[in-house]
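Quick one: the structure is below, and I'll ask about it shortly.
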Amino acid sequence: MSPRHFLTLMDLSSDELKQVLTRASELKKMHREGTQYQPLKNRVLAMIFEKSSTRTRVSFEAGMAQFGGHAIFLSSRDSQLGRGEPIEDSARVISSMVDAVMIRTFEHSKIAAFAANSSVPVINALTDDFHPCQLLADMQTYQEHRGSIEGKKVVWVGDGNNMCHSYINAAELLNFNLVIACPVGYEPNQQLVDKYAHRVAVLNNAQDAVKNADLVVTDVFASMGQEDEQEKRLQDFHSFQVNKALMSLANQDALFMHCLPAHRGEEVTTDVIDHPDSVVWDEAENRLHAQKALLEFLLC
């Protein structure tokens, strides 16, 4: 039987996604109560990083340890992936020795090729096109603070990047309305927007987009690999900063989220990210619990 992979949110059905989110909160409660639960005892997760990471590495490694398993860290310097071995060959070899593989890389085609040749589940821990693990944490966080996100208005402010693409997928699976606010020339993948046009609207004005929002989300203006565009992007995105004035246009109980790391004073102001009601830190912690729920779903 072919393994279940998690390359985008669309690898789960709507019901499966809701199941994982509910389970994530259950696992969080168990963890805080000190309940020992080790369903992955003696199981091994290979973690392949071609992009640097803080939250992704810590959350997956800690999650495997808490589940009684083990995680192996491999950077591009530590494996043949960075030295010319075909991805297909690496996939066959690595998957024959471990129980699951987590990959954080650049081209989405690379993780797709790996998964096609893997005998165990492959998890997308970020590519240039999608970041589904972060969406698990974001959706868990919204559900814990505000209940169901169905029918709500979610506004993405900033670059039409991998996070934005995963929010489009989440809108379809969880039945919410997504408005994307980005400068001209920085819109998300048009094919994805067209496919889910019944869920998604794209505007080029942040103020218009954020009105009556239930959730406002942003990310850095220049992602990893775009550092040479930093100055131009700061100019192009100057009117897309999430600040108190912008948040005042959203609903009074609207939440703000950011996948971190944040460039304070650029895409978000300090008074927004550090507001007493900020859920950014819950969102970050929930990477641990959501990914544990995902690992359990794929491996148990």
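The values are calculated or read from the model by the stated rules, or taken from the named source; none is laboratory data. What you see is a predicted model, and the numbers here were worked out from it, not measured in a lab. When we count neighbours, we look across all protein chains shown, and the Cβ atoms used for this are built from the backbone with ideal geometry, even at glycine.
Quick one: which of SER79, SER118 is modelled with pLDDT of 95 or more and not assigned by TED's automatic domain parsing to the domain that holds ALA170?
Answer to the selection: SER118.
I've got another one for you. If we scan the range 292-300, do we find a residue that is on the phi < 0 side of the Ramachandran plot and loosely packed, with under 14 Cβ neighbours inside 10 Å?
Yes, the range 292-300 contains at least one residue that is on the phi < 0 side of the Ramachandran plot and loosely packed, with under 14 Cβ neighbours inside 10 Å.
To continue, here is another question. Pull up the range 239-284, narrow it to residues that are in contact (Cβ under 8 Å) with a residue 60 or more places away in the chain and under 22 Å from SER52 (Cβ atoms), then point me to the one that is surrounded by the fewest Cβ atoms within 10 Å (Cβ to Cβ).
PRO261
Does LEU173 qualify as being outside any loop (DSSP other than H, G, I, E, B) and either within 19 Å of HIS5 (Cβ to Cβ) or in contact with a Gly (Cβ under 6 Å, 6 or more places away or on another chain) (or both)?
It is true that LEU173 is outside any loop (DSSP other than H, G, I, E, B) and either within 19 Å of HIS5 (Cβ to Cβ) or in contact with a Gly (Cβ under 6 Å, 6 or more places away or on another chain) (or both).
Output the residues belonging to the range 214-228 that are in a loop (DSSP other than H, G, I, E, B) and closer than 18 Å to ILE180 by Cα.
Of everything in the range 214-228, those that are in a loop (DSSP other than H, G, I, E, B) and closer than 18 Å to ILE180 by Cα turn out to be ASP214, ASP219, VAL220, PHE221, ALA222, SER223.
For every residue, the table says whether it meets (1) under 15 Å from the mean Cα position of the chain (by Cα); (2) of a type in the set (A, V, I, L, M, F, W, C); (3) assigned by TED's automatic domain parsing to the domain that holds MET30; (4) outside any helix (DSSP H, G or I).
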| site | (1), (2), (3), (4) |
| --- | --- |
| PRO261 | yes, no, no, yes |
| ASP271 | no, no, no, no |
| HIS275 | no, no, no, yes |
| LYS292 | yes, no, yes, no |
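Right, GLU231: out of contact with any Cys (no Cβ under 9 Å at 6 or more places or on another chain), more than 20 Å from ILE180 (Cβ to Cβ) and among the charged types (D, E, K, R) or not?
Against the criterion (out of contact with any Cys (no Cβ under 9 Å at 6 or more places or on another chain), more than 20 Å from ILE180 (Cβ to Cβ) and among the charged types (D, E, K, R)), GLU231 qualifies.
Name the one entry in LEU136, LEU126 that is buried (at least 18 other Cβ atoms within 10 Å of the Cβ), within 17 Å of ALA290 (Cα to Cα), at pLDDT 95 or above and in contact with a Ser or Thr (Cβ under 7 Å, 6 or more places away or on another chain).
Going through LEU136, LEU126 in turn, just one is buried (at least 18 other Cβ atoms within 10 Å of the Cβ), within 17 Å of ALA290 (Cα to Cα), at pLDDT 95 or above and in contact with a Ser or Thr (Cβ under 7 Å, 6 or more places away or on another chain): LEU126.
Mind checking which residues of the range 1-15 are assigned to a helix (DSSP H, G or I) and over 17 Å from the mean Cα position of the chain (by Cα)?
If the condition is that a residue be assigned to a helix (DSSP H, G or I) and over 17 Å from the mean Cα position of the chain (by Cα), then ASP15 is the only one that fits.
So how many residues does the range 83-108 have that are basic (Lys, Arg) and surrounded by fewer than 19 Cβ atoms within 10 Å (Cβ to Cβ)?
So the count comes out to 2.
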